[in-house]
Amino acid sequence: MTATPGNDFGTAKDIRKKLLWAVLFIVIAAASVWAVFSASKGLSLEEYKNFLRTADLLYLVLAFLSMVGFIFFEGMAVRALVKAFGYPCSIRQSLVYGASDIYFSAITPSATGGQPACAYFMVKNGIPLTATSVSLVMNLAMYTLSIITLAVISLLFNPAIFTFFRPLGKTLIVIGFGVQLALFDLFLLVLKKDRWVLKAGRAIIRFMSRLHLDRHPDKHLEKLELQIQEYKSFASIIRSHSKALWRCYLLNLLQRACQLAVTSFTYLATIAVPGETALPLSVCLSRAASLFGVQSLISIGATFIPIPGAMGVTDMMMLDGFGAIIDPERSAALVLLSRSISFYGCVILSLIIVIVTYIHLSKRKGGQTT
């Protein structure tokens, strides 16, 4: 479960692979948007434009800032753990860690590319691989716990939101809860039971050797032993820094809350309907809170879907959940707008941060060799 940057990150082969992921991402995104328009059966492109024209700019700005907060707090959570190990980590560097994790998680199936990309930049900044691995495993554990926490709180305050979904959506949410709880337990076991990690590593190396895929098993076994010793020391350090773990957990809660709040802010930005009587403020705030809760359950249900960004599945669940709170046509428009900011906008901004940082590292490396 540990993250490793990979020696081929940034090579021509790896770049081609990332381009393929990016193209696949665009194709699935286009199909998802088309599916939302088709499922609404009443929302046209012109009507969506009118929907945007009536939006309140202040709430849209708050939605955008919430999206930025999602990237920011992701990096700050990693920073809290890195600093517990005694390594320097600036806010700028932590922003890169958050952006790289978010972007590559979004474009790869089951979010498998996020942690290796984040680890790449961490190692480039002088953080040892073992400290990087333990930090990312623990951060992922706290991220998982924060998803569970917000979903449970939402259900406690408004249990009815679970009934907003069709049977498929309810099934995904129940399975999602089980998967997230199992993953959280597994993360903790990996940190506490370092012998399990060692046994698993030995088994993999021996298996690769039998298949003649590893010509130097003894060398790799020795290296594994040394890394496990480092891993054990770093794991004991992180366990002894309870404050850092709590800080990481709270920052992950803020990160998740920022992402969920985008939907609430986009709803508040678009509640004004030309020619209709304004709704009481209490009703609007109640609906915004319900949308926040619905989005938290969607995060649980869509997290384990092996599709980049869980696109399609997330949109389907959003149409169900939002449609139970506001009318179907406006719920479809709200899905498009909130996803445009919380997901697509977030991915684009993260990509820009990653590209700028990667170019900067390449120039610095080129300058050192001349």
Legend entry - residue 246 paired with residue 83, simple spin-label distance in nm, labels 7 Å along Cα-to-beta-carbon: 1.6
Legend entry - FRET efficiency, 1/(1 + (r/R0)^6) with R0 25 Å, evaluated for residue 324 and residue 54 via beta carbons: 0.65
Inset, instruction - Over 32 Å between C-alpha atoms is what I'm after, so list which of 219/243; 170/193; 124/243; 83/192 land there. - result: 219/243; 170/193
Legend entry - Approximate spin-label separation residue 175-residue 204, in nm, with each point projected 7 Å along Cα-to-Cβ: 2.6
Legend entry - Full-stretch length increase - residue 239, residue 222 - with 0.36 nm per residue and alpha-carbon distance subtracted: 3.5 nm
Legend entry - Convex hull of the range 64-133 built on C-alpha atoms - directionally averaged projected area, nm²: 4.6
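Read-outs: derived from the displayed coordinates by stated rules, not from any lab. Predicted model only: the values in this text are computed from it and were never measured. Cβ atoms come from the backbone with ideal geometry, glycine included; neighbour counts cover every protein chain shown.
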